[in-house]
1. Residue under question is Arg44, and the condition is that it be basic (Lys, Arg) and farther than 30 Å from Pro88 by Cα; does it hold?
2. Looking at Ala73, Ala82, can you tell me which residue is within 23 Å of Arg6 (Cβ to Cβ), small (Gly, Ala, Ser), touching a helix residue (DSSP H, G or I) at 6+ places or on another chain (Cβ under 6 Å) and part of a helix (DSSP H, G or I)?
3. Give the residue that is nearest to Pro88 (Cα to Cα), with candidates limited to residues of the stretch 14-31 that are modelled with pLDDT of 90 or more and exposed (fewer than 12 other Cβ atoms within 10 Å of the Cβ).
4. So the check is Cβ under 7 Å with 6+ separation or different chains; which pairs have a first residue in the stretch 25-43 that's closer than 12 Å to Leu75 by Cα and a second one that's of a type in the set (S, T, N, Q) and at pLDDT below 95?
5. For Ala11, indicate whether it is touching a His at 6+ places or on another chain (Cβ under 8 Å), assigned to a helix (DSSP H, G or I) and at pLDDT below 90.
6. Can you give me the number of residues within the stretch 32-65 that are exposed (fewer than 12 other Cβ atoms within 10 Å of the Cβ) and in a helix (DSSP H, G or I)?
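The values are calculated or read from the model by the stated rules, or taken from the named source; none is laboratory data. Worth saying up front: this structure is predicted, and the values here are computed from it rather than measured. Cβ sites come from the backbone with ideal geometry, for glycine too, and all protein chains shown count toward neighbours.
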Amino acid sequence: MSTVARDKTEAAIWERVIHPSGKMSAVAARQIMQLEFSDEERARMHDLAVKNQSGELTPEESSELDNYSRVGAMLSVLQSRARQVLKPRRNN
């Protein structure tokens, strides 16, 4: 087992799952940039957010909204890192 310090955030763990050999490839980055919620999922998130603002969420809906929030945050982090991989590099 390696004793090298590793980033323990969810984003870092997902990155190691997605590209275990190290740096994210351009192919993987382009695929990650294609990931998005469907219109149906967006509508569900909106409905849950409206109910949350009015204090009408059931415990199950609250858990569902939390799950959407976590997945959305993770997707944002992965896409941000994917954009860094795809960003043209300037020659110094």
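1. Working: basic (Lys, Arg): yes; farther than 30 Å from Pro88 by Cα: yes.
Judged against the criteria, Arg44 is a match.
2. Details: Ala73 fails: touching a helix residue (DSSP H, G or I) at 6+ places or on another chain (Cβ under 6 Å).
Every option except Ala82 fails the conditions.
3. Residues of the stretch 14-31 that are modelled with pLDDT of 90 or more, as a first pass: 26-27, 29-31.
Retained after the next criterion (residues that are exposed (fewer than 12 other Cβ atoms within 10 Å of the Cβ)): 26-27.
Details: Ala26: 11, Val27: 15 Å.
Checking each candidate, the answer is Ala26.
4. Ile32/Gln79; Met33/Gln79
5. Numbers: touching a His at 6+ places or on another chain (Cβ under 8 Å): no; assigned to a helix (DSSP H, G or I): yes; at pLDDT below 90: yes.
So Ala11 fails the test.
6. Looking only at the stretch 32-65, we keep the residues that are exposed (fewer than 12 other Cβ atoms within 10 Å of the Cβ), and these are 34-36, 38-40, 43, 46, 50, 53-56, 58-60, 63.
Remaining after also requiring in a helix (DSSP H, G or I): 39-40, 43, 46, 50, 53, 59-60, 63.
Within the stretch 32-65, residues that are exposed (fewer than 12 other Cβ atoms within 10 Å of the Cβ) and in a helix (DSSP H, G or I) number 9.
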